[in-house]
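Just so it is clear, none of the values below were taken in a lab; they were calculated from the coordinates. Just so it is clear, the model here is predicted, and its values are computed rather than measured. Quick reminder, even Gly has a Cβ in these numbers, built from the backbone with ideal geometry, and neighbours come from all protein chains shown.
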Amino acid sequence: MQNFSWWLVFVAFLGHAVPSEVVAQNRSKPKGLDLCIAHYNLENLFDTLNDVKVNDEDFLPQSELAWNSVRYYTKLGKLAKVIAGLNQGNVPDLMGLCEMENEGVLKDLLRQPELRRSPLTYLHCPSNDPRGIDVALLYHKSRFKPIARQNLTVDLPGDTASPTRKILLVSGKIPSGDTLHILVNHWPSRRGGLEKSAPNRYAAARCLRKAVDSLFALYGGPNSCSIIITGDFNDTPQDASIRLLLGADSTGSRGLYHPFSTINGGSYCFQDRWEWLDQIILSRSLLPSNTSQNHYVIGSAQASKDESMLQQEGKFKGYPYRTYAGNRYLGGPSDHLPVLLRIHCPRCP
């Protein structure tokens, strides 16, 4: 959180939205634009080159996984196909990404035929994670104009704790001139057990909440400040890290509204149990009751389940079509499903 205060002042100077006349909404055919917001865990998108600064040895040609250029480009192609069709056959407008090795793999992803001519570009956030896995934001160049960014460090408890992924905070303008603040997360895993690893996710929740409260303080509170949080949280909406420490729920009583907290299904499946580990959370200003302003489109929160993302046969039919099951290569895009929702912007041309 170092230098966060001056960064907020800088954003306020550049990007504080000037109130404009509210445009009446036609209920039968709303004016404006639906923005597609998404998040996707790319399941270990590593290149095939050895980086001596990180623990990438599992994803090299000579490793047990036999990770080679053919498998790498096959995965890139399948991920690109998912992203290219996620927004009703088009690319999403804003998309948080996690679990990629470096900026180079992002460039390779956007060079795939399905995305090469798309309007997407990216902001990358390198991490201190020992494995080198990072977070990033993909954004539609004509629908989101970044004006400031910050990489927020999550300090884990204990002197011997390994560093974890940073939180990427990006502020930018949408076509209406309004400012959106996007926070992209990849919280610490459940490795070592759910209970034992929980304090690490509590630390991430506190870091995220501190950033949210700082934005609320600068931008007039949760009813005025537009925040979108995406991530793989490695916890569900019902877990204490999300519900209590972050304060996100279906009511928005603490300023954060959670559209995934009351719907069935999930983005990740383990032992036949689907869970929402990947989520999108909104500030209260985006509640669907505010239909004359930018607002969440009711019922749009979902996991995308195109058949190319799901295993089609065998014991795990219907599960996410993962790249590896243990050391066995399956060849799918990811062990997570992408999640998405829509924000209606009535003043967007």
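Of all beta bridges DSSP finds with both residues in the stretch 151-300, what is the antiparallel percent, to the nearest 5?
Values: 18 of 26 bridges.
Just about 70 percent of them are antiparallel.
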Exercise. Can you pick out the pairs among 145/305; 166/210; 141/210; 78/145; 53/196; 81/145 whose Cα atoms lie more than 20 Å from each other?
Worked result: 145/305; 141/210; 78/145; 53/196; 81/145
Exercise. For the stretch 245-334, which GluC sites (Glu not before Pro) are in a loop by DSSP, counting at most 12 other Cβ atoms within 10 Å?
Worked result: 313
Seminar exercise, completed: Two pseudo-spin positions, 7 Å from Cα along C-beta at residue 161 and at residue 191, lie apart in nanometres by 1.5
Problem set entry | Convex hull of Cα atoms in the stretch 151-300, direction-averaged projection (nm²) | 9.4
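So for 145, 315, 196, 78, fewest C-beta neighbours within 10 Å to most, what's the order?
On the way: 145 13, 315 6, 196 10, 78 20.
Ordered from fewest to most neighbouring Cβ atoms within 10 Å, 145, 315, 196, 78 come out as 315, 196, 145, 78.
So what is Rg over Rh here for the chain, counting just Cα atoms and using Kirkwood for Rh?
0.95
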Problem set entry | Exposure proxy ranking, count of Cβ atoms within 10 Å, fewest first, for 189, 69 | 69, 189
Problem set entry | Given charges at Cβ of Lys, Arg, Asp, Glu: the stretch 271-349 dipole, positive-most of 340, 294, 321 | 294
Seminar exercise, completed: Taking the chain and counting helices only, DSSP H stretches of n ≥ 4 at -39,500 (n - 2.57) each over all residues, the nearest-500 ellipticity at 222 nm comes to -5500 deg cm²/dmol
For this session: Return one number: the angle in degrees, 0 to 90 and rounded to the nearest 10, between the long axis of the Cα atoms of helix 4-15 and the longest principal axis of the Cα atoms of the chain.
Result: 60
Exercise. Can you run phi through the Karplus equation (6.51, -1.76, 1.60; θ = phi - 60°) for the stretch 271-282 and list ³J(HN,Hα) in whole Hz, with x for Gly and Pro?
Worked result: 6, 6, 10, 8, 9, 8, 7, 9, 8, 10, 10, 10
For this session: Arrange the following residues from fewest to most other Cβ atoms within 10 Å of their Cβ: 276, 187.
Result: 276, 187
Seminar exercise, completed: The cysteines in the chain that find no other cysteine Cβ closer than 4.7 Å to their own Cβ are 36, 98, 125, 207, 225, 269
